[in-house]
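Q: Can you read through this structure? Questions will come right after.
The values are calculated or read from the model by the stated rules, or taken from the named source; none is laboratory data. Note that this is a predicted model, so its numbers are computed, not measured. Glycine gets a Cβ as well: all are built from the backbone with ideal geometry, and neighbour counts include every protein chain shown. Remember, those area values only see protein heavy atoms, side chains included, never the ligands or the DNA or RNA. Shrake-Rupley method; radii C 1.70, N 1.55, O 1.52, S 1.80 Å.
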Amino acid sequence: MGKVNAMVRDRLWEKVVKKKRSGGCLLVYPANNEQGFLVRSTGKTDRTIVDYEGLTLVLRPKTS
């Protein structure tokens, strides 16, 4: 696993958002917070990001 600094991550995210045609993108990256990560999303994905009493959760659709 590689590590990039915040500037590189933000620039890559900008490119992803610009180039995305359909669907969606999800970015999970390390952060200095209680959970140790932050989440960004754009477009339509089958994941839902929920803040539950300060806890970030990523919900997936139920599978049969």
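Q: In this structure, does residue 17 turn out to be over 11 Å from the mean Cα position of the chain (by Cα), at pLDDT 90 or above and exposed (fewer than 13 other Cβ atoms within 10 Å of the Cβ)?
A: So residue 17 fails the test.
Q: Tell me, which residue of the range 29-53 that is touching a residue at least 12 places away in the same chain (Cβ under 8 Å) and small (Gly, Ala, Ser) is surrounded by the fewest Cβ atoms within 10 Å (Cβ to Cβ)?
A: Taking the candidates together, the pick is 43.
Q: Assess whether residue 26 counts as being under 11 Å from the mean Cα position of the chain (by Cα) and open to solvent by 60 Å² or more (accessible area, probe 1.4 Å). Steps first, answer last, please.
A: Numbers: under 11 Å from the mean Cα position of the chain (by Cα): yes; open to solvent by 60 Å² or more (accessible area, probe 1.4 Å): yes.
The answer is yes for residue 26.
Q: With a cut-off of at least 2 residues that are touching a His at 6+ places or on another chain (Cβ under 9 Å) and not aliphatic (A, V, I, L, M), name the strands (runs of 3 or more DSSP E) lying wholly within the chain.
A: Numbers: elements: 24-30, 37-43, 48-52, 55-59.
Result: empty, no element qualifies.
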